[in-house]
Amino acid sequence: MHAEARIDLNALQHNLLRVRELAPMSKILAVIKANGYGHGIVPVATALGDADAYAVANLEEALTLRNTGVDKPIVLLEGLVDKEELQQSSIQQLELVVHHPHQLELLEKVKLAEPMRVWLKIDTGMHRIGISPDSADAFMRRLYECPQVKKPIRIMSHFANADQADDPSIQTQFELFQSAVRGMTAELSIANSAAIFLGNPFHQDWVRPGIMLYGANPFPQGTAEDLGLQPVMTLSTRLIAVNTRRKGEVIGYGSTWSCPEDMPLGVAAIGYGDGYPRHAVSGTPVLVNGTRAQIVGRVSMDMICIDLRACEDARIGDPVVLWGEGLPVDEVAQCANTISYELLCKITSRVSLHYTP
Ligand SMILES: *Cc1c(COP(=O)(O)O)cnc(C)c1O
């Protein structure tokens with residue numbers, strides 16, 4: 001018995017349509033980095049064939065797509081670090097995020113077979129990557145003069161707090177972006193999933209949805225369902241043991257939970273070796289035969305223990321859903337003090353992925 005994840009490609013396509021509905025005038029750069037947020041980059045790319053382009057973090061991910069025949073535009077969100085990567089990216093006709101003078105210098109030095117599409121990334125306040133807004137003019141001038149760069153150039157930035165809808169930094173960053181690009185003829189992009197929901201002014205020429213495509217909620221409050229999204233991954237396993245435990249017996253490593261009464265206790269075949277978060281606390285919900293129950297005690301590498309008092313009929317072999325349909329991944333993420341993004345992309349290779357339809 002081992003854990004499996006069902007990947008609902010219809011739900012993925014539904015969520016893409018949701019992006020179109022929210023931002024009908026914008027092109028969609030579908031973000032499928034980190035193995036499609038853990039869903040499998042190639043099937044995800046195939047199912048998202050109606051997107052206008054794909055975005056990945058690095059060359060390795062882009063090559064995986066090109067090697068399986070994906071010929072749509074692919075944007076490298078982190079750009080690249082050396083001449084070899086630049087040559088390879090050019091051969092594969094990838095598009096490049098330029099966020100540092102180092103990359104501009106590489107482009108100016110190297111001779112490429114064909115000019116490359118470039119997205120200039122401006123740092124408007126996240127202070128991670130990107131050039132400073134007041135150097136945007138100079139960068140644009142050099143990029144325009146560089147024969148290795150395909151014209152027109154595109155310009156992007158990224159919000160630090162788009163998931164905090166009323167955070168004043170959103171407006172500050174947006175205004176800084178607008179003033180940095182004033183007078184430039186370039187397609188613009190600033191909206192990730194959260195900012196797509198914040199409304200039309202942020203959509204600009206290209207939106208960059210990631211987490212919403214996979215049906216999780218980009219905001220800390222509310223539910224993905226209320227946002228019109230459908231969960232794509234349903235992670236499940238089965239019960240490998242059902243035992244009666246006596247009042248006062250302690251459960252699992254560290255003996256962190258003790259039975260308040262005589263009770264049935266289930267053991268399910270999944271643990272942090274599969275990517276189920278070890279930090280999930282006692283009380284984290286699971287579905288046993290479709291009924292809500294709670295995990296108790298520490299998560300081990302291969303097993304979790306489940307309080308079966310809410311599902312007295314449960315038997316060995318019965319299905320246990322960890323998240324997905326009927327149990328939002330966001331809820332589990334909160335119980336593990338993290339975000340859905342991390343849970344989804346940390347599923348390990350021990351979990352087999354099954355695609356429907
Ligand atoms: C990952 C990423 C996104 C997608 O963000 P979500 O919050 O998952 O929608 C968008 N833009 C950039 C630059 C990213 O790195």
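Tabulated results
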| quantity | calculated |
| --- | --- |
| So GLU105, is it of a type outside the set (Phe, Trp, Tyr), surrounded by fewer than 16 Cβ atoms within 10 Å (Cβ to Cβ) and within 16 Å of the ligand (Cβ to nearest atom) | no |
| Helices (runs of 4 or more DSSP H) fully within segment 1-58 counting 1 or more residues that are within 12 Å of the ligand (Cβ to nearest atom) and under 16 Å from the mean Cα position of the chain (by Cα) | 9-22, 33-37 |
| Exclusive hit being within 16 Å of the ligand (Cβ to nearest atom) and loosely packed, with under 15 Cβ neighbours inside 10 Å, set ARG128, ARG141, ARG117 | ARG128 |
| Among (1) touching a strand residue (DSSP E or B) at 6+ places or on another chain (Cβ under 7 Å); (2) surrounded by fewer than 20 Cβ atoms within 10 Å (Cβ to Cβ) - the single one GLN164 does not satisfy | (1) |
| Checking VAL149 against (1) surrounded by fewer than 18 Cβ atoms within 10 Å (Cβ to Cβ); (2) more than 16 Å from the ligand (Cβ to nearest atom); (3) not basic (Lys, Arg), the condition it does not meet | (1) |
| In segment 47-62, the residues that are within 22 Å of SER26 (Cα to Cα) and among the charged types (D, E, K, R) | ASP50, ASP52 |
| GLY275 vs. criteria closer than 20 Å to VAL232 by Cα, touching a helix residue (DSSP H, G or I) at 6+ places or on another chain (Cβ under 8 Å) and of a type in the set (Gly, Ala, Ser) | yes |
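Here is a yes/no grid of residues against (1) within 15 Å of ALA5 (Cα to Cα); (2) buried (at least 18 other Cβ atoms within 10 Å of the Cβ); (3) at pLDDT below 95; (4) of a type in the set (Val, Ile, Thr):
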residue	(1), (2), (3), (4)
GLY275	yes, yes, no, no
LEU287	yes, yes, no, no
ARG292	no, no, no, no
ILE306	no, yes, no, yes
LEU322	yes, yes, no, no
VAL329	yes, yes, no, yes
LEU343	yes, yes, no, no
VAL351	yes, yes, no, yes
PRO357	yes, no, yes, no
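The values are calculated or read from the model by the stated rules, or taken from the named source; none is laboratory data. Bear in mind the structure is a predicted one, so any value in this text is a computation, not a measurement. Every residue, glycine among them, receives a Cβ derived from its backbone with ideal geometry; neighbour counts consider all protein chains shown.
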